[in-house]
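K.L.:
First the structure, which I've put down as structure tokens, then a few questions once you've had a look.
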Amino acid sequence: MDFKRLQILRELADRQTVGATAEALNVTASAVSQQLKTLQSEMGVVLVEKVGRGVQLTEAGYAMAAAAADIATAMARAESTIDTYRKGWQTRVSAAFFPSAAEMLLPGMLHRVASVEGLTFDAHFEDPGTAHFAPLVADYDIVLAHSVDGPEVFARQGLTVVPLLEEALDVAMPGDHPLAAKAKLSPADVVDYPWIGVPEGFPFDTVLRQIELHAGHQAMRGQRYPDLRVLEALVGAGHGICLLPRYTARASARRGLVLRPLTEVKASRSIVALSRQEVAARGTIAMVLDMLRSEAAAIARELKQAPPAM
């Protein structure tokens, strides 16, 4: 059994198409198809089957892709051990951040990385819906992701999930809004006011759907926009209320907004770092993941000591 062919299967499991797999491996699509056929012949089981114009892995294919991930992880650990003796390091780490995670974590992370001589940290912008964070590990060493359904929503074979922070989602409104007089808000309190929301599939939209479920009818949705700063601007201008993450909305007070916690629904998001198992096993990546944990913990401590938003 050729490990390089197993690697092709692993890439196909992550990237879903032969074309994307070929591009990632810098080979032709026909070469990928031929190697997969050879692997199937060697193993005597069907690993890939045609679906429409594309292909998909069979149950056996996914099982072997997971085995390939385990093998790659073991090899990465061995390489990390060798690196320790050679005192060698991965000099460049790439990480994908969604906007509010970058605002919250990136400034401190750059200070931490700067303390390691010769290490470069490349931050990139990515802001997909929840289901599309995990596939990004095929292109970055580390991917920052968030979900209102907990860290376990990202769990899958071959993926390391590092929980960083649990952040409450509060209702944001202008200081003179009628709801600002309340210390806490229920779904019944908020459902009948105009809402500034996010596109369907984004985590915060799930919380608004919970509010509607508890209140027994649909909310009045206005504009939908994926950028939190735009949401703040629209709410500050009086166009509605919205959900904002408590830690990363600290600057919202400058716009004259107030934040109020929700009751009766789970209104929080889990922020995690994702990485392929074999990548997370590298010494340098493990160190950067520890930096992310430390930075998130420092922010949580700071905000617990801060006075609540008025």
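K.L.:
Could you please let me know if MET109 is closer than 27 Å to LEU164 by Cβ, of a type outside the set (Lys, Arg), surrounded by 14 or more Cβ atoms within 10 Å (Cβ to Cβ) and at pLDDT 80 or above?
P.N.:
yes
K.L.:
Going through VAL198, VAL230 one at a time, which residue ends up being closer than 22 Å to PHE98 by Cβ and without any contact (Cβ under 8 Å) to a residue 12 or more places away in the chain?
P.N.:
Every option except VAL230 fails the conditions.
K.L.:
To continue, here is another question. Looking only at the stretch 66-102, how many residues end up being within 30 Å of LEU165 (Cα to Cα), modelled with pLDDT under 85 and in contact with a helix residue (DSSP H, G or I) (Cβ under 6 Å, 6 or more places away or on another chain)?
P.N.:
Here the count works out to 7.
K.L.:
Please indicate, with yes or no, whether at least one residue in the stretch 156-165 is out of contact with any helix residue (DSSP H, G or I) (no Cβ under 7 Å at 6 or more places or on another chain), within 30 Å of ALA69 (Cα to Cα), surrounded by fewer than 20 Cβ atoms within 10 Å (Cβ to Cβ) and in contact (Cβ under 8 Å) with a residue 12 or more places away in the chain.
P.N.:
No, that holds for no residue.
K.L.:
Would you be able to tell me the number of residues in the stretch 131-155 that are buried (at least 20 other Cβ atoms within 10 Å of the Cβ) and among the hydrophobic types (A, V, I, L, M, F, W, C)?
P.N.:
Counting residues in the stretch 131-155 that are buried (at least 20 other Cβ atoms within 10 Å of the Cβ) and among the hydrophobic types (A, V, I, L, M, F, W, C) gives 9.
K.L.:
Here's another thing I want to ask about it. Out of (1) surrounded by fewer than 20 Cβ atoms within 10 Å (Cβ to Cβ); (2) under 15 Å from CYS242 (Cα atoms); (3) touching a residue at least 40 places away in the same chain (Cβ under 8 Å), the odd one out for MET173 is which?
P.N.:
(1)
K.L.:
Answer yes or no: is there a residue in the stretch 117-137 that is assigned to a helix (DSSP H, G or I) and over 12 Å from the mean Cα position of the chain (by Cα).
P.N.:
no
K.L.:
Of all the residues that make up the stretch 186-217, how many are farther than 19 Å from LEU228 by Cα and of a type in the set (Gly, Ala, Ser)?
P.N.:
Here the count works out to 4.
K.L.:
Would you mind listing the strands (runs of 3 or more DSSP E) fully within the stretch 170-266 where at least 3 residues are within 26 Å of the chain's Cα centre (by Cα) and more than 29 Å from GLU302 (Cβ to Cβ)?
P.N.:
Result: 220-224.
The values are calculated or read from the model by the stated rules, or taken from the named source; none is laboratory data. Everything numeric in this text was worked out from a predicted model, so none of it was measured. Note that we place each Cβ from the backbone using ideal geometry, even for glycine, and neighbour counts take in every protein chain shown.
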